[in-house]
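To keep things clear, I will list the structure first and then write my remarks on it.
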Amino acid sequence: MNRTPHLIERLLEQRILILDGAMGTMIQRYKLTEDHYRGVVAHDGDTEPRQSFADHPLDLKGNNDLLLLTQPQIIRGIHAEYLEAGADILETNTFNANSVSMADYQMEHLVYELNVAGAKLAREVCDEYEKRVPNKPRFVAGVLGPTTRTASISPDVNDPGFRNINFDQLVEGYTEAIRGLLDGGADLLMVETIFDTLNAKAALFAIEQYFDRHNVRVPIMISGTITDASGRTLSGQTTEAFWNSLSHTKPLSIGLNCALGAELMRPYVEELSRVATTYVSAHPNAGLPNPLSETGYDESPEHTAMLVKEFATSGFLNIAGGCCGTTPAHIKAIAEALKDVPSAPHSRAGKKVPVIRSGAIQHRR
């Protein structure tokens, strides 16, 4: 029996759960070469078995998901650092482990294997930490990223009607990733960094279809991205519209991540907290990009934690973590800042739920 749904909801009633931070930021610190990505050489001191792609015809540097196979000890170590910092939920290193994104490297055939490896590795690290501290459960969120294509926007400014991907292709690509994540032991599925809601709908349709066909079900987390100060996703939705278009999937949580730092993200997290009838999450960047800083972003751990704490004390949050530019130091600071702040009272029977109709909004009591 899957322990996750009841256990994680019970914990969310008690306190704000901590999500981990950036994976790419941490990988950059290792200064890996093409040979590292191919698995031709091991990172210093690494004795864990690894696969080699020495003869692959394309450059592989930057394919961070592939490190699950070629440098697994690095990914294991990053996961461990985040758990040590206080994370309750680990995100798998599978952001681009889908056939659409992996086509850029001619590695579509690895999608299932990458997702199994990502979930299995994160689960192993969580199990190690649960043995040390049995009263602190750790969860694995199997990550489904947005892919490198968008179903509702043309990539050709001269042909607005053109699309380089369709809904059915996205569903097919996501299904293979979902199968791998669940076979690898993911406790949750997270559809994150959503800039095009149609892509997200394809991922969520694939999830529900997989659940029905295989008689399995795990909680779903959804996290969108407001791309700029307009307060909209790349495909043009406001925060409230984003919630309304996905609320029928009844996710465990809905939230925002990436793009904007916490300070600029605040009004949109507040809006989501106002309209959503489920738990709310936020894992912002460490401010805006800054190539002169160590992490490539502006904010120190203390500053990010201060901003996220204000979200929490304002009653917006149930889950908090970090995105681009955040490190274990950021997650530790956030965990410390939020340890005595109660979880926001979302998804309660007494909350009025707007009924959205064409041309009118009424409140159902």
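With respect to the conditions (1) closer than 25 Å to Ser281 by Cα; (2) buried (at least 18 other Cβ atoms within 10 Å of the Cβ), Glu84 lacks only one, and its number is (2). Here Glu84, Glu128, Glu124 are screened, and the one residue that is within 18 Å of Asp20 (Cα to Cα) and in contact (Cβ under 8 Å) with a residue 60 or more places away in the chain is Glu84. The requirement of being aromatic (Phe, Trp, Tyr) and modelled with pLDDT of 95 or more is fulfilled somewhere in region 119-132, by at least one residue.
Only residues that are hydrophobic (A, V, I, L, M, F, W, C) and either on the phi > 0 side of the Ramachandran plot or touching a His at 6+ places or on another chain (Cβ under 8 Å) (or both) were counted across region 86-106, and they come to 1. Exactly one residue among Leu338, Leu288 is touching a residue at least 60 places away in the same chain (Cβ under 8 Å) and of a type outside the set (Ser, Thr, Tyr), and that residue is Leu338. Considering every residue within region 211-231, establish whether at least one is touching a residue at least 12 places away in the same chain (Cβ under 8 Å), buried (at least 16 other Cβ atoms within 10 Å of the Cβ), out of contact with any His (no Cβ under 6 Å at 6 or more places or on another chain) and aromatic (Phe, Trp, Tyr). No; the residues of region 211-231 include none that is touching a residue at least 12 places away in the same chain (Cβ under 8 Å), buried (at least 16 other Cβ atoms within 10 Å of the Cβ), out of contact with any His (no Cβ under 6 Å at 6 or more places or on another chain) and aromatic (Phe, Trp, Tyr). Somewhere in region 221-230, is a residue among the charged types (D, E, K, R) and either under 22 Å from Ile178 (Cα atoms) or in a helix (DSSP H, G or I) (or both)? No, the conditions are met nowhere in region 221-230. Scanning region 276-304 for residues that are outside any loop (DSSP other than H, G, I, E, B) and touching a strand residue (DSSP E or B) at 6+ places or on another chain (Cβ under 7 Å) turns up Tyr279, Val280, Ser281, Ala282, His283, Pro284, Asn285, Pro289, Tyr297.
Each residue in region 190-203 was checked for being out of contact with any strand residue (DSSP E or B) (no Cβ under 6 Å at 6 or more places or on another chain) and of a type outside the set (Ser, Thr, Tyr), and 6 pass. The residues listed here are Ala80, Ala87, Ala97; of these, the one that is aliphatic (A, V, I, L, M), part of a helix (DSSP H, G or I) and either touching a Lys or Arg at 6+ places or on another chain (Cβ under 8 Å) or modelled with pLDDT of 95 or more (or both) is Ala80.
Only one entry in Gly142, Gly118 is out of contact with any Gly (no Cβ under 6 Å at 6 or more places or on another chain) and part of a strand (DSSP E or B), namely Gly142.
For region 37-78, the candidate set comprises residues that are among the charged types (D, E, K, R) and either within 22 Å of Thr147 (Cβ to Cβ) or in contact with a strand residue (DSSP E or B) (Cβ under 8 Å, 6 or more places away or on another chain) (or both); within that set, the residue that is surrounded by the fewest Cβ atoms within 10 Å (Cβ to Cβ) is Asp59.
All of (1) part of a helix (DSSP H, G or I); (2) surrounded by fewer than 17 Cβ atoms within 10 Å (Cβ to Cβ) hold for Asn135 with one exception: (1). Whether any residue in region 167-178 is out of contact with any Gly (no Cβ under 6 Å at 6 or more places or on another chain), over 15 Å from Val111 (Cβ atoms) and part of a loop (DSSP other than H, G, I, E, B) is what I want to check. Within region 167-178, not a single residue is out of contact with any Gly (no Cβ under 6 Å at 6 or more places or on another chain), over 15 Å from Val111 (Cβ atoms) and part of a loop (DSSP other than H, G, I, E, B). Taking Asp104, is it charged (D, E, K, R), surrounded by 24 or more Cβ atoms within 10 Å (Cβ to Cβ), in contact (Cβ under 8 Å) with a residue 40 or more places away in the chain and part of a helix (DSSP H, G or I)? So Asp104 does not fit the description; no.
When Glu130 is tested against (1) buried (at least 24 other Cβ atoms within 10 Å of the Cβ); (2) in contact with a Pro (Cβ under 7 Å, 6 or more places away or on another chain), just one condition goes unmet, and that condition is (1). Against the numbered list (1) hydroxyl-bearing (Ser, Thr, Tyr); (2) closer than 23 Å to Gln71 by Cα; (3) more than 16 Å from the chain's Cα centre (by Cα), Ser152 comes up short only at (2). If you go through region 305-333 one residue at a time, how many are assigned to a helix (DSSP H, G or I), farther than 17 Å from Met26 by Cα and under 18 Å from the mean Cα position of the chain (by Cα)? Number satisfying all stated conditions: 1.
Please tell me if Asp196 is within 23 Å of Ala320 (Cα to Cα), at pLDDT below 95 and surrounded by 21 or more Cβ atoms within 10 Å (Cβ to Cβ). So Asp196 fits the description; yes. Among the residues of region 334-348, those identified as part of a helix (DSSP H, G or I) and not small (Gly, Ala, Ser) are Ile334, Glu336, Leu338.
The values are calculated or read from the model by the stated rules, or taken from the named source; none is laboratory data. Because the structure is predicted, anything quoted here is derived from the model rather than measured. All Cβ positions, glycine included, derive from the backbone under ideal geometry; neighbour counts span all protein chains shown.
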